[in-house]
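Shown next, in structure tokens, is the structure this report addresses.
The values are calculated or read from the model by the stated rules, or taken from the named source; none is laboratory data. This is a predicted model, so every value here is computed, not measured. With ideal geometry, Cβ positions are generated from the backbone for all residues, glycine too; neighbour counts draw on all protein chains shown.
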Amino acid sequence: MSLATVPGMGEERVNHSDSPDMSVVIVTPDNYQVIRKTIRHLRAQTIKDRLEIVISAPSEKELDLIESDLEGFHSYKIVEVGEIRILANAKAAAIPRTSAPIVAFAEDHCFPEPDWAAALIAAHRRGYPVVGPVMRNANPATSLSWAGLFLQSGCCLQPALSGKCTTLPWHNTSYSRYLLLGYGSGLAVMLLAEGILLDDLRANGHELHLEATATTNHVNISILSSFIRHAFWGGRLFAALRAQKKDWSLLRRLAYITGFPLIPVVRLYRTLRTVRQVGRTALIPRVIPAILAGLLPHALGEAAGYAIGLGRTAERYSYFEMNRHLHVTPCERGLLIE
């Protein structure tokens with residue numbers, strides 16, 4: 001195994017002289033233990049020797065990496081980015097360091113099945129530039145967990161079929177690398193709310209493909225206070241970025257602000273339709289209160305985003321995405337530990 005060091009950028013360890021098929025980017029705001037379970041699932045991939053693992057971390061010294069866990073991969077890199085307060089910035093810093101033509105995002109609270117990587121790569125090779133996996137609920141005991149999954153990944157839930165899709169799972173989608181690099185210095189902004197990135201790619205003629213043979217297991221927020229705050233900041237983030245990107249006039253912003261009470265009604269109808277489509281109708285009586293607990297603060301957040309913009313929203317939203325162990329019930333925290 002050869003070792004190459006790039007000053008100020010962490011280390012790179014390579015097992016092969018040829019290029020990897022896919023680079024998997026994962027962020028830890030703390031140390032290696034936060035992402036260890038995900039790395040173990042990546043190591044269980046059927047084509048692990050074709051994967052490059054790119055870890056974005058505050059520093060290599062503080063990471064306290066267990067190098068034996070990275071054995072068997074094509075290669076791995078550590079990208080030092082300093083203190084991580086905004087998830088998108090850490091991901092954007094890692095992407096130029098990737099080596100493969102395909103870049104996939106992974107999370108500390110999402111665990112792919114062994115054929116996940118092979119299925120994503122196969123879909124890209126069939127000509128799809130943006131490919132997402134089917135999502136499973138990794139902590140199905142709570143209504144809040146189901147509500148969060150339905151609201152955020154409803155159309156991508158098992159048993160979804162492969163095919164063209166209007167959106168894909170945020171933080172778990174794979175992209176042709178050239179598409180991401182094409183955003184240049186604006187990539188971090190596009191990654192703040194990945195739905196904005198997906199919409200932009202689709203508007204520019206790039207098909208979003210859901211691959212049913214790629215499956216991953218997602219641990220969802222299951223504490224009410226965290227669920228409500230996450231929804232609010234997510235709504236504000238999406239609305240602020242949407243209005244900013246389209247350079248909306250004050251009049252249009254006012255129209256969306258005053259019309260925000262309609263948003264939960266429309267989204268509730270769409271969400272319940274999706275619940276039925278994925279064969280979870282029996283859960284509807286149980287999850288409706290939880291779904292509303294997400295829809296209402298999200299709509300308020302959208303109104304705030306249209307009214308006052310982004311502020312420190314990206315930082316506050318990232319807190320919930322990077323510290324999942326703080327936002328699940330105590331009995332579920334073991335699901336995040338290897």
So is residue 300 within 26 Å of residue 191 (Cβ to Cβ), of a type outside the set (Lys, Arg), modelled with pLDDT of 95 or more and more than 20 Å from the chain's Cα centre (by Cα) or not? yes
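For segment 167-183, what are the residues that are among the hydroxyl-bearing types (Ser, Thr, Tyr) and part of a loop (DSSP other than H, G, I, E, B)? Can you show your working first?
So in segment 167-183, the residues among the hydroxyl-bearing types (Ser, Thr, Tyr) come out as 167, 173-176, 178, 183.
Those that are among the hydroxyl-bearing types (Ser, Thr, Tyr) and part of a loop (DSSP other than H, G, I, E, B): 167, 173, 183.
Residues in segment 62-77 that are of a type outside the set (A, V, I, L, M) and under 11 Å from residue 30 (Cα atoms): how many? Spell out how you get there, then give the answer.
Going through segment 62-77, the residues of a type outside the set (A, V, I, L, M) turn out to be 62, 64, 67-69, 71-77.
Within this subset, residues satisfying the condition of being under 11 Å from residue 30 (Cα atoms) are 62, 64.
Residues flagged as of a type outside the set (A, V, I, L, M) and under 11 Å from residue 30 (Cα atoms) within segment 62-77 amount to 2.
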Do we find that residue 222 is among the small types (Gly, Ala, Ser) and surrounded by 13 or more Cβ atoms within 10 Å (Cβ to Cβ) in this structure? yes
Filtering segment 78-115 down to residues that are farther than 14 Å from residue 28 by Cβ and either more than 14 Å from the chain's Cα centre (by Cα) or hydroxyl-bearing (Ser, Thr, Tyr) (or both) yields 95, 96, 97, 98, 99, 100, 101, 102, 113, 114, 115
Those residues that are of a type outside the set (A, V, I, L, M, F, W, C) and more than 26 Å from residue 160 (Cβ to Cβ), I need them from segment 267-301; list them, please. 297, 301
Kindly check whether there is at least one residue in segment 165-184 that is of a type in the set (Lys, Arg) and under 17 Å from residue 211 (Cβ atoms). no
Residue 210 passes all but one of (1) within 18 Å of the chain's Cα centre (by Cα); (2) surrounded by fewer than 20 Cβ atoms within 10 Å (Cβ to Cβ); (3) within 30 Å of residue 145 (Cβ to Cβ); which number fails? (2)
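Could you please give the count of residues in segment 246-273 that are among the polar types (S, T, N, Q) and either touching a strand residue (DSSP E or B) at 6+ places or on another chain (Cβ under 6 Å) or at pLDDT 90 or above (or both)?
Initial filter on segment 246-273 (among the polar types (S, T, N, Q)): 249, 258, 271.
After this cut, where a residue has to be either touching a strand residue (DSSP E or B) at 6+ places or on another chain (Cβ under 6 Å) or at pLDDT 90 or above (or both) as well, the list is 258, 271.
Count: 2.
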Here the residues within segment 107-127 that are surrounded by fewer than 19 Cβ atoms within 10 Å (Cβ to Cβ) and among the acidic types (Asp, Glu) are 115
Look at segment 150-193 and say how many of its residues are in contact with a His (Cβ under 8 Å, 6 or more places away or on another chain) and within 15 Å of residue 95 (Cα to Cα). 4
Somewhere in segment 134-155, is a residue farther than 30 Å from residue 223 by Cα, in contact with a Phe, Trp or Tyr (Cβ under 6 Å, 6 or more places away or on another chain) and touching a residue at least 12 places away in the same chain (Cβ under 8 Å)? no
Can you spot a residue in segment 3-26 that is assigned to a helix (DSSP H, G or I) and at pLDDT 95 or above? no
